[in-house]
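In what follows, a structure is listed as C-alpha cells, so that the remarks can point back to it.
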Amino acid sequence: MKALICGASGGLATALTEALLPLKWDLDLVTRGFRLDRVQSRFASELSTGHVRLFAVDHDYSEFNCSERYDAHFFMPALFSPSPLTAMDPDRITEEIDVGLVSQIQLTRKLLVTFPPQLNERRDFCYIGSTSAYAGFANTSVYCAVKHGLLGFVRAMNDEYMKSDVRFWLFSMGTMNTEMGAQLVGQDSASFLQPAEVAKRMVGAVSSQSNVFEPEILMRRRSIRMKEKE
C-alpha cells in the first residue's frame, strides 16, 4: 500500500506516519520548504530505507508533481489564527483559505485527472475537518469557514463518485495536543485529544476491508477543562 501525506510536519501528520509505518505502507511526505528540516530529522532512519520519501513545495500544495498512483491520500495542511475577524490581516485570511481549502481542492483535482478511477480499484481521499466544520466559534471565523468548506466538498465528491470505488473522508476532531492546540491558552491541555489516538482511528477506517463506509467521522472530547486561574 502507498499513501501520500500532505502537510507532513504537523503533529497529527507525524502521528499518522508513525501509525502507517508498522503496517508496511510506503509513504510520500510533502511539506512546505521551510518545514522540510523538521520532517527530515524526525524520519531520518525511515527515509534511508526508501519506504518514506520526502518532498517540498514552495507554498501551494497543488504544486506537488503527481507522478505516483496512491491507495490513500491524506490532506493535513491547516493554518489557525484565533482572532476577531476585524483584527486579521487580509493577506492572512487569504492564506488560511488557500492552504486549508483551495490548494487541497486543486490537488485533489490534479490527482483525479492524472490518475482517473479504475474498475474495482479502491482509493481513499482523506481530509482533516474539525468540530468547527459543524459549528461556529467566536474568533475563529476563517478557520470555521475553511472546515465548513471541506465538509461540503467531501459530501459533494462522494456523490460525484458514488458509482466508483473512490471514497472521500472527513475526519473531524476536537482540539488536539499539538502546536495548533497550544494556541488555546485558556484550556487545560490535559483534556486535549492525543494525535496518536486520532491517527489510529483514521488508519483503522481506511484500512478496513468492510463494506461499512462512514464518510464523516467526528471525534469529540468527552470533557473540556479550563486552566485554573493563578
task = Sort through 74, 34, 43 and tell me the only one that's farther than 28 Å from residue 157 by Cβ and surrounded by 19 or more Cβ atoms within 10 Å (Cβ to Cβ).
result = 43
note = Of 94, 86, the only residue that is over 24 Å from residue 154 (Cα atoms), among the polar types (S, T, N, Q) and surrounded by fewer than 19 Cβ atoms within 10 Å (Cβ to Cβ) is 86
ask   = Of all residues in region 102-120, which are polar (S, T, N, Q) and assigned to a loop (DSSP other than H, G, I, E, B)?
value = 118, 120
message = So residue 167 ticks every box in (1) charged (D, E, K, R); (2) modelled with pLDDT of 95 or more; (3) farther than 28 Å from residue 71 by Cα but one. Which box is left unticked?
response = (3)
note = Looking across region 174-230 at residues that are acidic (Asp, Glu) and not in a loop (DSSP other than H, G, I, E, B), the single one that is modelled with the lowest pLDDT is 197
query = Within the set of pairs 6+ apart or on separate chains, which have a first residue in region 1-12 that is in a loop (DSSP other than H, G, I, E, B), a second that is polar (S, T, N, Q), and C-beta atoms under 8 Å apart?
reply = 7/31; 8/14; 8/17; 8/31; 9/31; 10/178
query = Hey, among 99, 142, which residue is under 16 Å from the mean Cα position of the chain (by Cα), crowded, with 17+ Cβ neighbours inside 10 Å, of a type in the set (Val, Ile, Thr) and part of a helix (DSSP H, G or I)?
reply = 99
Residue that is surrounded by the fewest Cβ atoms within 10 Å (Cβ to Cβ), among those in region 113-139 that are among the aliphatic types (A, V, I, L, M) and touching a Lys or Arg at 6+ places or on another chain (Cβ under 9 Å) = 133
message = Looking only at region 159-173, count every residue that is in a strand (DSSP E or B) and of a type in the set (D, E, K, R) and tell me the total.
response = 1
task = Return the only residue of 12, 79, 27, 47 being out of contact with any Cys (no Cβ under 9 Å at 6 or more places or on another chain) and more than 19 Å from residue 128 (Cβ to Cβ).
result = 47
message = Six or more apart or on different chains, Cβ atoms under 8 Å: show the pairs whose first residue is in region 133-152 and free of Cβ contacts under 8 Å to residues at least 40 places away in the same chain and whose second is basic (Lys, Arg).
response = 133/147
request  = Mind listing just one residue for me: the one in region 54-71 that is surrounded by 15 or more Cβ atoms within 10 Å (Cβ to Cβ) and of a type in the set (Ser, Thr, Tyr) and, of those, nearest to residue 126 (Cα to Cα)?
outcome  = 70
inquiry  = So residue 162 ticks every box in (1) surrounded by fewer than 19 Cβ atoms within 10 Å (Cβ to Cβ); (2) touching a residue at least 40 places away in the same chain (Cβ under 8 Å) but one. Which box is left unticked?
reply    = (2)
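The values are calculated or read from the model by the stated rules, or taken from the named source; none is laboratory data. What you see is a predicted model, and the numbers here were worked out from it, not measured in a lab. Please note: Cβ atoms are built from the backbone with ideal geometry, for glycine as well, and neighbour counts cover all protein chains shown.
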